[in-house]
Amino acid sequence: MMALRDAFAMALNEFGEKLGTELALEDGRCTFTVDSTLEVEIDYMDESDVVVVWTVVGYAPEDQFQDKRARALLALNELNAPNGGFSVSMDLGTRYVIAHDNRPAELFESGDRIAAWIGALVDLVHLVRSKFAELLPCADFPLDDEADEEGGM
């Protein structure tokens with residue numbers, strides 16, 4: 001029987017073929033770009049056969065991340081149920097807003113399953129960016145085309 005990591009690597013390769021790029025785990029990690037605005041990282045955790053996917057949604061400038069704004073950002077986690085269970089968090093050191101999820105590797109027997117998971121992540125990122133702008137119209141939260149300029153992606 002094929003090891004879970006090897007089966008996942010094959011499914012990842014199949015997903016890469018659908019994207020038109022070569023995807024492979026290197027040291028348990030694979031990074032690729034979606035929609036030319038999202039750098040997605042997949043990490044394979046060997047000790048638990050769990051796969052973690054994450055991407056930077058944007059960057060919250062220090063003067064924009066106050067108490068009220070922090071509560072609004074955390075409220076965005078309510079969006080995760082219809083978006084595959086992803087969570088939104090913020091790295092306090094960098095103030096990067098991150099969308100992430102982890103799943104057992106056994107769920108990804110094909111490139112289509114990975115594609116659906118990554119598709120849900122991309123949909124969530126776009127939703128969070130638009131919701132953040134709606135909830136905090138005075139915030140300078142970078143959207144897709146502004147993220148590079150603000151230190152996001």
Candidate set: the stretch 106-136, residues that are farther than 15 Å from Asp35 by Cα and charged (D, E, K, R); chosen: the one surrounded by the most Cβ atoms within 10 Å (Cβ to Cβ):
Lys131
Pairs, first among the acidic types (Asp, Glu) in the stretch 1-30, second part of a helix (DSSP H, G or I), C-beta under 6 Å, six or more apart
Glu14/Gly111; Glu22/Gly16
Could you tell me which residue of the stretch 90-105 is surrounded by the fewest Cβ atoms within 10 Å (Cβ to Cβ), considering only residues that are free of Cβ contacts under 8 Å to residues at least 40 places away in the same chain and within 15 Å of the chain's Cα centre (by Cα)?
Asp91
Restricting attention to the stretch 14-32, which residues are more than 16 Å from Val52 (Cβ to Cβ) and among the acidic types (Asp, Glu)?
Glu14, Glu17, Glu22
Could you list, in sequence order, all residues of the stretch 83-135 that are modelled with pLDDT under 80, assigned to a helix (DSSP H, G or I) and within 25 Å of Lys18 (Cα to Cα)?
Asn83
From the list Ala24, Ala11, pick out the single residue that is in a helix (DSSP H, G or I) and touching a helix residue (DSSP H, G or I) at 6+ places or on another chain (Cβ under 8 Å).
Ala11
Restricting attention to the stretch 48-57, and to residues there that are at negative phi and either touching a helix residue (DSSP H, G or I) at 6+ places or on another chain (Cβ under 7 Å) or modelled with pLDDT under 95 (or both), which single residue is surrounded by the fewest Cβ atoms within 10 Å (Cβ to Cβ)?
Val50
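The values are calculated or read from the model by the stated rules, or taken from the named source; none is laboratory data. Just so you know, these numbers come straight off a predicted model, no measurement behind them. Glycine also receives a Cβ, built like all others from the backbone with ideal geometry; neighbour counts cover every protein chain displayed.
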